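The values are calculated or read from the model by the stated rules, or taken from the named source; none is laboratory data. Predicted model only: the values in this text are computed from it and were never measured. We place every Cβ from the backbone using ideal geometry, glycine too, and count neighbours over all the protein chains shown.
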Amino acid sequence: QVQLVESGGGTVQAGGSLRLSCVAFGRTENTYIMAWFRQAPGKEREFAATISRSGIITSYADSVKGRFTISRDSAKNTVYLQMNSLKPEDTAVYYCAADRRIGVALSTTRGDYEYWGQGTQVTVSS
């Protein structure tokens, strides 16, 4: 019912910035908890950032806190991840995800998310 499409990935030098976007298509009359996860080669998919339905409450992994900012534009069914001061260890495929559950504000757990995008590659070179 809902398709998520990420964009904005690419290759950047360490210290540079990228802005990822995720647009929801389909049955988007309802709002969702949104999140960004990332998966580096040979590693498990890990939580990066999440944002509440209101867009007011956010949470970040310690590894990205202070460098990444998640935001959303509900009118456009879009969530963003502004990535600054990028490091080589940020290299990963970045996935957006949507959680349609009610009664919760945020989730950092992969299993809570029902809808996933295909991912966009971010490569940070030294």
Exercise for review: Please state which one of Gly9, Gly15 is on the phi > 0 side of the Ramachandran plot and touching a residue at least 12 places away in the same chain (Cβ under 8 Å).
Suggested key: Gly15
Check your understanding: Restricting to strands (runs of 3 or more DSSP E) lying wholly in region 41-101: which have 2 or more residues that are buried (at least 22 other Cβ atoms within 10 Å of the Cβ) and hydroxyl-bearing (Ser, Thr, Tyr)?
Key -> 92-99
Exercise for review: Could you list, in sequence order, all residues of region 82-106 that are within 12 Å of the chain's Cα centre (by Cα) and either within 12 Å of Glu6 (Cα to Cα) or polar (S, T, N, Q) (or both)?
Suggested key: Gln82, Val93, Tyr94, Tyr95, Cys96, Ala97
Review point. So, of the residues in region 102-126 that are of a type in the set (Gly, Ala, Ser) and assigned to a loop (DSSP other than H, G, I, E, B), which turns out to be surrounded by the most Cβ atoms within 10 Å (Cβ to Cβ)?
Key: Gly117
Practice item. Can you run down the residue pairs with Cβ atoms below 7 Å, 6 or more apart or on separate chains, where the first is in region 39-66 and at positive phi and the partner is buried (at least 16 other Cβ atoms within 10 Å of the Cβ) and in a strand (DSSP E or B)? Key: Gly55/Arg72
Practice item. Within region 7-40, count every residue that is outside any loop (DSSP other than H, G, I, E, B) and over 14 Å from the mean Cα position of the chain (by Cα). Key: 6
Study note, to complete from the structure: Within region 18-38, residues being surrounded by fewer than 20 Cβ atoms within 10 Å (Cβ to Cβ), touching a residue at least 60 places away in the same chain (Cβ under 8 Å) and of a type in the set (D, E, K, R) number 1
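Residue-wise test of (1) charged (D, E, K, R); (2) closer than 18 Å to Gly119 by Cα; (3) at pLDDT below 95.
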{"position": "Phe37", "(1), (2), (3)": "no, yes, no"}
{"position": "Arg45", "(1), (2), (3)": "yes, yes, no"}
{"position": "Tyr60", "(1), (2), (3)": "no, no, no"}
{"position": "Gly66", "(1), (2), (3)": "no, no, no"}
{"position": "Asp73", "(1), (2), (3)": "yes, no, yes"}
